[in-house]
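Okay, handing you the structure first.
The values are calculated or read from the model by the stated rules, or taken from the named source; none is laboratory data. Because the structure is predicted, anything quoted here is derived from the model rather than measured. As a convention, Cβ positions derive from the backbone with ideal geometry for all residues, glycine included, and neighbour counts pool all protein chains shown. Protein only, heavy atoms only, side chains kept; ligands, DNA and RNA dropped before computing areas. Shrake-Rupley method; radii C 1.70, N 1.55, O 1.52, S 1.80 Å.
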Amino acid sequence: HVDTMGWSIAMGVLFLGLFRFAAKHATNGQPGGLQNMVEMIVEFVQGIVRDVFHGKNPIIAPLALTMFVWILLMNTLKLIPVDYIPALTYAMGLEYTKIVPTTDPNATFGMAIGVFLLVLFYSIKVKGVGGFAKELTFSPFNHWSLSWFNLILETVGLLTKPFSLALRLFGNMYAGEVIFILIALLPFWAQWTLQVPWLIFHILVVTLQAFIFMVLTIVYLSMAHEEH
């Protein structure tokens, strides 16, 4: 999975480079196109965090911004025709290259597990070990005799969070790539008839999946910060 690691790291470096460049060259006067774009994205993410996250944690907004832009950049690689980069790397003597990291479950599960570990960390930090254990054993039925049943329900609910994050992103992006490949196998005259409408629709999917991953991350971390 070196290709997945390589392209995901490249998109992360691109994100950091663009935003750092925009921050260092920001002006109080009439902003340029890059500064406008960065400010719009930051204000958009900041508004989502204010509406969804009800705790106090300075890490949440930067984390949400990183998730959204990083996943959006990785998803946007799908807009490059599926055979261009693999054909180029094959001509260079390399094997088939997968250029969209989010179509690899290793990438999506890696990010989802990272979010899950943060949820566990802040659940214990905010509520304490005893408070977190009580939340798992006395909810939704607040009686000691049903604590074992509550523990099963809450554990299943807790474990579904990383699975839902990872599989939703992977499933949508992988299915879109498969459809692009199937369209590419059609006669040339039929490709443009199907490829252009699907490409326009998929631009919405690319943005929407990054947005959903970010919002669910904020929601899960907000739940981890609820002291009650």
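Inspect all residues belonging to region 160-176 and state whether any of them is out of contact with any Leu (no Cβ under 6 Å at 6 or more places or on another chain), farther than 18 Å from residue 74 by Cβ and either at pLDDT below 85 or not in a helix (DSSP H, G or I) (or both).
The answer is no; no qualifying residue exists.
Also, I was wondering about something else. Sort through 48, 71, 41, 85 and tell me the only one that's under 30 Å from residue 227 (Cα atoms) and open to solvent by less than 40 Å² (accessible area, probe 1.4 Å).
Numbers: 71 fails: under 30 Å from residue 227 (Cα atoms); 41 fails: under 30 Å from residue 227 (Cα atoms); 85 fails: under 30 Å from residue 227 (Cα atoms).
Testing whether each residue is under 30 Å from residue 227 (Cα atoms) and open to solvent by less than 40 Å² (accessible area, probe 1.4 Å) leaves just 48.
Quick grid of which residues meet (1) of a type in the set (Val, Ile, Thr); (2) within 19 Å of the chain's Cα centre (by Cα):
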site	(1), (2)
5	no, yes
20	no, no
24	no, no
37	no, no
41	yes, yes
44	no, yes
49	yes, yes
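Could I ask something else about it? Restricting the search to region 162-198, which residues are of a type in the set (Ser, Thr, Tyr) and either open to solvent by less than 40 Å² (accessible area, probe 1.4 Å) or without any contact (Cβ under 8 Å) to a residue 60 or more places away in the chain (or both)? Give the steps one after another, and end with the answer.
Going residue by residue through region 162-198, those that are of a type in the set (Ser, Thr, Tyr) are 164, 174, 193.
164, 193 - these are the residues of region 162-198 that are of a type in the set (Ser, Thr, Tyr) and either open to solvent by less than 40 Å² (accessible area, probe 1.4 Å) or without any contact (Cβ under 8 Å) to a residue 60 or more places away in the chain (or both).
Which one of these does residue 26 not meet: (1) over 16 Å from residue 210 (Cα atoms); (2) hydrophobic (A, V, I, L, M, F, W, C); (3) part of a helix (DSSP H, G or I); (4) open to solvent by 50 Å² or more (accessible area, probe 1.4 Å)?
Of everything listed in (1) over 16 Å from residue 210 (Cα atoms); (2) hydrophobic (A, V, I, L, M, F, W, C); (3) part of a helix (DSSP H, G or I); (4) open to solvent by 50 Å² or more (accessible area, probe 1.4 Å), residue 26 misses just condition (3).
Turning to a different aspect of this structure: Residue check: is residue 16 open to solvent by 90 Å² or more (accessible area, probe 1.4 Å), at pLDDT 90 or above and in a helix (DSSP H, G or I)?
Values: open to solvent by 90 Å² or more (accessible area, probe 1.4 Å): yes; at pLDDT 90 or above: yes; in a helix (DSSP H, G or I): yes.
So residue 16 passes the test.
Name the residue that is nearest to residue 71 (Cα to Cα), counting only residues in region 191-228 that are touching a Phe, Trp or Tyr at 6+ places or on another chain (Cβ under 6 Å) and of a type in the set (A, V, I, L, M).
Among them, the one singled out is 210.
So residue 223 clears everything in (1) closer than 30 Å to residue 132 by Cα; (2) open to solvent by less than 70 Å² (accessible area, probe 1.4 Å); (3) not basic (Lys, Arg) except one condition, right? Which one?
It fails just one condition, (2).
So, of the residues in region 104-153 that are open to solvent by 30 Å² or more (accessible area, probe 1.4 Å) and assigned to a loop (DSSP other than H, G, I, E, B), which turns out to be farthest from residue 56 (Cα to Cα)?
Checking each candidate, the answer is 143.
Pick from region 1-11 the residues that are assigned to a helix (DSSP H, G or I) and farther than 18 Å from residue 80 by Cβ: which of them is modelled with the lowest pLDDT? Show your work before the answer.
Of all residues in region 1-11, those assigned to a helix (DSSP H, G or I) come to 2-11.
If we keep only those that are farther than 18 Å from residue 80 by Cβ as well, we get 2, 5.
Values: 2: 84, 5: 91.
For region 1-11, the residue satisfying everything is 2.
Given the options 60, 71, name the one that is under 18 Å from the mean Cα position of the chain (by Cα), among the β-branched types (Val, Ile, Thr) and closer than 15 Å to residue 210 by Cβ. Spell out how you get there, then give the answer.
Details: 60 fails: closer than 15 Å to residue 210 by Cβ.
One residue alone meets the criteria, 71.
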